[in-house]
Amino acid sequence: MIKVRKRKILLLPGDGIGPEVINEVKKIINWFNDNKSLDFGIDEALVGGCSYDKHGTPITDEVFYKALESEVIMLGAVGGPKWDNIEFSKKPERALLKLRKELKLFANLRPAICFEQLVDASTLKPEIVSGLDIMIVRELTGGIYFGEPRGIKPIDNGERKGINTHTYTTSEITRVARIAFDLAKKRSNKVTSCEKSNVMEAGQLWKEEVQELHDKEYKDVELSHMLADNCAMQLLRNPKQFDVIVTDNLFGDMLSDQASMLTGSLGLLPSASLGAKNKDGEMRAMYEPIHGSAPDIAGKEIANPIASILSFAMALRYSLDLDNEADNLEKAVQGVLNDGLRTKDILSEGMKETSTSAMGDAIISKLQ
Ligand code: NAD
């Protein structure tokens, strides 16, 4: 078993705008090292399409082992049209699936927060999204994306059949539900569990196990169950009814993307993927913006680095137990938005357009 090395941060910038936004995170880590004597060790490696170009694989064994021994992984984004037509097993995204699966990062946390300064950037009416602060907890290593059997097979009548299998076990459900309940306790104490128990046995099991865990260990947290399709509708109708939503891999993929759009810009939203704590309290975790590699704007110095910077704030909070530093960083982001600085994706009338690196510098200038 490879030991996690405390305070070791591995930067995996990846492709497209990944290196541009992770560079701003690196500046912030260095600021904490220089000004708060935090002594974070930084390492950096290739992953995704850039790794395929250099090594013929989206992640080398060497990088994978570096990831295994890092307490925090900060990922930019991977992929792009350049690699669309390569063999499935070599695609940039396979590196992410491998990291999530092998590092057992089973819980994906995605906050959807509507910044007051950007209420007008949402496609929904201001009164629906103003003050929005929800956390979606998505199961990340089970369900239909990993279940066996899977594949595409020829069948008797000359047609082909595509197969994927949706499975969940009790422990897979309870470990992610536990994370949701624990998070809710630090927030508004409300969990909504989503599945399709009306049409799927795995959904029925999900609902029963979440309820059982609640009744045994989390009676003080308010729990409700909702069908995933209804949740999709409620997220548009009245998103502020939610505090923490916990759901499986497939529904979580869709519901968290939908929730992210409530807030106006992909460039603002962070995420965390957490593993289990071992007996020494060590946990592997990967932090990344929810956006992709944005090849359409790569190299133009206009990418918004805030989602990546807020992902680092999540790392400070959830992996490094540095809540004050996380607050400091989140307040710095708010401060810069209050000053009217905007990257192109969130620019509105009367605001001042700024580049990726100038946005990073402005955030650093607000750190205390
Ligand atoms: P995308 O998130 O990269 O881009 C969608 C739109 O949002 C684009 O117009 C882009 O310019 C804009 N955008 C995204 N991030 C931004 C930022 N930080 N600042 C300003 N604008 C931003 O999604 P896509 O276009 O569907 O995918 C592009 C590539 O990224 C694909 O190859 C996809 O597979 C990959 N992808 C990777 C990840 C990941 O690495 N986790 C996630 C999603 C997509």
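Here the spin labels are modelled as points 7 Å beyond Cα on the Cα-Cβ line, and at Lys98 and Ala276 they lie 2.4 nm apart. Per-residue SASA remark: Arg178, around 80 Å² accessible (1.4 Å probe; ligands, DNA and RNA not included).
Residue separation times 0.36 nm, minus the C-alpha to C-alpha distance between Lys219 and Lys90: what's the value? Please report the intermediate quantities before stating the final value.
Numbers: separation 129, 0.36 × 129 = 46.44 nm, distance 4.60 nm.
Answer, rounded to one decimal: 41.8 nm.
Straight-line cross-link partners of Lys98 among the lysines, defined as a Cα under 19 Å from its Cα and at least 8 positions apart when in the same chain: Lys3, Lys54, Lys66, Lys90. Annotation: Asp43 carries an accessible surface of approximately 40 Å², with a 1.4 Å probe and no ligand, DNA or RNA atoms counted.
Label zone (Asn164, point 7 Å along Cα-to-C-beta; backbone nitrogen cut-off 14 Å) within the range 237-272: 248-255. Taking the Cα centre of the chain as reference, the dipole from Cβ charges on Lys and Arg (+1) and Asp and Glu (-1) amounts to some 460 debye. Looking at the chain, what % of the alpha carbon pairs are farther apart than 29 Å? Beyond 29 Å sits 42 percent of the P(r) for the chain. When each of the peptides 48-58, 228-238 is scored by the mean number of other C-beta atoms lying within 10 Å of its residues, the order from highest to lowest reads 48-58, 228-238.
DSSP assigns beta bridges within the chain; of those with both partners inside it, close to 45 percent run antiparallel. For the range 115-131, the Karplus equation 6.51 cos²θ - 1.76 cosθ + 1.60, evaluated at θ = phi - 60°, returns couplings of 5, 3, 5, 10, 3, 6, 6, 6, 7, 8, 4, x, 5, 7, 10, 4, x Hz by residue, with Gly and Pro reported as x.
The values are calculated or read from the model by the stated rules, or taken from the named source; none is laboratory data. Here the structure is a predicted model, which means the values were calculated and not measured. Note that we place each Cβ from the backbone using ideal geometry, even for glycine, and neighbour counts take in every protein chain shown. Only protein heavy atoms, including side chains, enter the accessible area calculation; ligands, DNA and RNA are left aside. Shrake-Rupley method; radii C 1.70, N 1.55, O 1.52, S 1.80 Å.
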